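Chemist: Okay, here's the structure, questions in a sec.
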Amino acid sequence: MIFAGGTPGVPARLDGRGARPSTGGLRANVKMRFSDKVVLVAGGTGGLGRAVSLAFLEEGAKVIVTYRERKEFDALRSEAGANGSSIEGHRVDVTDETAVRQLLDRVLAEHGRLDALVNTVGGYAGGVNLWELETKVFDQMLALNVRSGYMLSRAAIPAMLKQKHGAIVNVASKAALDHAAGASAYAASKAGALALTDSLAADVKGSGVRVNSILPSIIDTEVNRKAMPNADFAKWPAEILEW
């Protein structure tokens, strides 16, 4: 079983239907931590990505998201309410080198900077023994969970190094360390994503650019409910750390 677009096993500030509770838009008389910052959220209309995008908007950031379906972006903008004017979206295959490069060039040309990149793109395939796994599924997991982070980081890092500041967060999974049965492709791809991010963090040490991974477990989203219909949804976490 394959699910793509968000990252299964990722905690987000979500309600039981996979939608982030509204906090009423911009909060009056509160200094916004990301005011005037430019943030790219890859997969920013998915279950986790939507929550991340809305959180940055509420902190005053200019948010650029990638999406697969226009209706997903329209729904996000509608949910953003008064903050909708601070979000823009681009339909981009983040595993495609040329498309990602063009996106970053456009962001930098229009905004002059990129302060943060959050990669929430990912896919899940599970419930299959390794010897029964189709090679194309294995390749899909590598593309969604490793190649996406590679392409995005590779395109974003030069600008951040030039700025001498920036932050990259790649959402991996607890499966990067906890290798359960029936999830060989998923676990391998998330382990690869973690290794890639760790190595990149070492590459840019001392430059002013920060690179980190998040390794969460399962959250309550529509995608995860479809992937694991027999699970006890009440046990899944519904809150995330403050950004």
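Chemist: Based on other C-beta atoms within 10 Å, arrange Thr135, Thr197 from fewest to most.
Modeler: Working: Thr135 8, Thr197 24.
Listed from fewest to most nearby Cβ atoms, that is Thr135, Thr197.
Chemist: Taking 7 Å along the Cα-to-C-beta vector as the label spot, tell me the Glu69-Arg101 distance in nanometres, rounded to one decimal.
Modeler: Here the answer is 3.2 nm between the modelled labels.
Chemist: On to the next question. Greater than 24 Å separation of Cα atoms is the criterion. Which listed pairs, Lys71/Lys136; Lys37/Lys162; Lys62/Lys164; Lys71/Lys226; Lys62/Lys205, meet it?
Modeler: Working: Lys71/Lys136 28 Å; Lys37/Lys162 16 Å; Lys62/Lys164 20 Å; Lys71/Lys226 20 Å; Lys62/Lys205 26 Å.
Over 24 Å apart, Cα to Cα: Lys71/Lys136; Lys62/Lys205.
Chemist: Say each of His179 and Ser35 gets a label point 7 Å from the Cα, pointing the same way as Cα to Cβ; how far apart are those two points in nm?
Modeler: The answer from the label model is 4.9 nm.
Chemist: Still on this structure, I have one more. When the label point is put 7 Å from the Cα of Arg91 along its Cα-to-beta-carbon vector, which residues of segment 55-76 have a backbone N closer than 19 Å?
Modeler: 64-76
Bear in mind that the values in this text are calculations on the coordinates, not laboratory data. Everything quoted here is computed from the prediction, not taken from an experiment. So basically every Cβ, Gly included, is an ideal-geometry build from the backbone, and we count neighbours across all protein chains shown.
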